[in-house]
Amino acid sequence: MPIMTPLADLLEVQRQTAVLAYQFGDGITNLILPSYSILIGALGLARVPFGKWFRFALPLVGILTIVGLILVTIAELIKVGPF
C-alpha cells in the first residue's frame, strides 16, 4: 500500500481513487486465489474442489472486475474532496 500514494501522484490520479482500485483488486482476486487460506479452508469444509469453484467463480470475477472498473472511473471523474 505505501507505493500507491507516489504512484497515484505520478499518474495524476486522486489518492482515494487509487486506494479504491487497490481494495477492489484485492477483494475480487481473493475469490479465486488458491493461496488465500480462508477460501481454501471454506472449500475444504464444504468439500468443493477448487477446480469446480474456479469454474463457478470466474464469470463472477469478470462481472465484478467490469463493475469495479466502472466505479473507479466514476470516482475519478467526479473528483470529490479537497485533494
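The values are calculated or read from the model by the stated rules, or taken from the named source; none is laboratory data. Here the structure is a predicted model, which means the values were calculated and not measured. Every residue, glycine among them, receives a Cβ derived from its backbone with ideal geometry; neighbour counts consider all protein chains shown.
Does residue 66 qualify as being assigned to a helix (DSSP H, G or I), surrounded by fewer than 13 Cβ atoms within 10 Å (Cβ to Cβ) and β-branched (Val, Ile, Thr)?
Considered against the rule, which asks whether it is assigned to a helix (DSSP H, G or I), surrounded by fewer than 13 Cβ atoms within 10 Å (Cβ to Cβ) and β-branched (Val, Ile, Thr), residue 66 comes out as yes.
State the number of residues belonging to the stretch 1-17 that are touching a helix residue (DSSP H, G or I) at 6+ places or on another chain (Cβ under 9 Å), not basic (Lys, Arg) and not in a loop (DSSP other than H, G, I, E, B).
8
Would you mind stating whether residue 20 is assigned to a helix (DSSP H, G or I) and either out of contact with any helix residue (DSSP H, G or I) (no Cβ under 7 Å at 6 or more places or on another chain) or modelled with pLDDT of 95 or more (or both)?
Answer is no for this residue.
Give the stretch 23-51 a look and list any residue that's touching a residue at least 12 places away in the same chain (Cβ under 8 Å), part of a loop (DSSP other than H, G, I, E, B) and not aliphatic (A, V, I, L, M), or say none.
Within the stretch 23-51, 34 is the sole residue that qualifies.
Could you tell me how many of the residues in the stretch 23-53 are more than 29 Å from residue 75 (Cα to Cα), under 18 Å from the mean Cα position of the chain (by Cα), surrounded by fewer than 14 Cβ atoms within 10 Å (Cβ to Cβ) and not polar (S, T, N, Q)?
Number satisfying all stated conditions: 2.
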